[in-house]
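Report on the following structure.
Laboratory data are not the source of any read-out in this text; all were calculated from the coordinates shown. This one's a predicted model, so the numbers in the text were calculated from it and none came from an experiment. No Cβ is skipped: glycine too gets one built from the backbone with ideal geometry, and neighbour counts run over all protein chains shown.
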Ligand SMILES: [Zn+2]
């Protein structure tokens, strides 16, 4: 091996070593967002509808005599565990897996169910999981990692997230990441949907209906919400409508109207893909937070405050006990401030 290596181009050695070393590696739970929510569990919501949790992440499923409809595979490890639990508890197979959007931390692991299930996602998800053009340059924020300047990130160069999740980005398993692979994301374990829709879609299974609805957001242009119609209805919406938790990142007041449209739908239980279980009142509270934030930021702008001053003065004290208050409040203020000043 030592002798041979001298004659092999460096790229080939890397290509030979890394896929072997990393093949079969799933996505460790430590890759996922970590909070105080810990453990894997299944619990009943209402009727034949259950939630399943992996640490901070939540999925929902409905059991019928003809099989199970599941939202969010989440990951390979979780899907493997959940599939076993569902088989021993309910004795029916998973017939449908519905993706809320294409991000790796929600959509990975679907292949675990491929022996019995069909996969549903919004049509934009196909574009989002496709490989971008081969000449896609390295994104600006990772260019500093390309120390040898060859326009790719080799395993030895990768830092941070690219290093941790290298094998999940490396779709062609050649041991280096192209701009296209990096832009596409760490979605090696995301299986593309085979049933896509553009506006809405219903599935009927075992006499129960599931409504699949398109609600694009700033976070995901392939965002799907799911309503389980089963007496006491359950709504699942991933990422954007958080429960007793500040929304993620630089939010815009433009999101208030679509969340109000969700609130107007018929459901009692609300499940975000993260954190606490909710009810419709939690969606109402999320709207109230966003409206109060918008008003407070508008006042700060009217008083001539800079963004930094607004971030200091808009304290949203009533929400101090919500999760991520310290981390997300300044970001929420910033997004709202920029949106409101852009409109002036
Ligand atoms: Zn996401």
Checklist entry - Label-point separation (nm) for residue 307 and residue 111, each offset 7 Å from Cα along Cα-to-Cβ? => result 4.1
Checklist entry - Given 4 °C and 1.567 mPa s, how large is the Stokes-Einstein diffusion coefficient of segment 62-131 in µm²/s, with Rh as the Kirkwood radius over Cα pairs? => result 106
Next on the checklist: Need the C-alpha centroid separation for segment 232-263 versus segment 189-219, integer Å.
Outcome noted: 18
Item to check | Enclosed volume per residue, in Å³, of the convex hull spanned by Cα atoms of segment 19-102 | outcome: 118
Next on the checklist: Which order do the peptides 54-62, 211-219 come out in when sorted by mean C-beta neighbours inside 10 angstrom, highest first?
Outcome noted: 54-62, 211-219
Item to check | Projected label distance in nm at residue 209 and residue 130, using a 7 Å step from Cα toward the beta-carbon | outcome: 3.3
Checklist entry - If each of residue 159 and residue 66 carries a label point 7 Å out from its Cα toward its Cβ, how far apart are those two points in nm? => result 5.5
Next on the checklist: How much length would be gained if the chain were fully extended between residue 183 and residue 292, taking 0.36 nm per residue of separation minus their Cα-Cα distance, in nm to one decimal?
Outcome noted: 35.7 nm
Checklist entry - Taking the mean number of other Cβ atoms within 10 Å as a proxy for protection, how do you rank 168-174, 269-275 from highest to lowest? => result 269-275, 168-174
Checklist entry - If the viscosity is 1.002 mPa s and the temperature 20 °C, what translational diffusion coefficient in µm²/s does Stokes-Einstein give for segment 225-344 when Rh comes from Kirkwood over Cα pairs? => result 145
Checklist entry - So how much slack lies between residue 194 and residue 141, counting 0.36 nm per residue of separation and subtracting their Cα-Cα distance, in nm? => result 15.8 nm
Checklist outcome for this item: A convex hull over the alpha carbons of segment 128-277 yields, per residue, a volume in Å³ of 157
Next on the checklist: When only alpha-carbon atoms are used, what values of Rg and Dmax, in angstrom, describe segment 87-183?
Outcome noted: 17.0, 55
Checklist entry - Where the centre of each part is set by its Cα atoms, how far does segment 25-56 sit from segment 136-179, in angstrom? => result 30
Checklist outcome for this item: Per residue, the convex hull enclosing the alpha carbons of segment 17-174 has a volume in Å³ of 141
Checklist entry - For the chain, what log10 I(q)/I(0) values come out of the Debye formula at q = 0.06, 0.10, 0.12, 0.13 1/Å, with one point per alpha carbon and no solvent? => result -0.25, -0.68, -0.94, -1.07
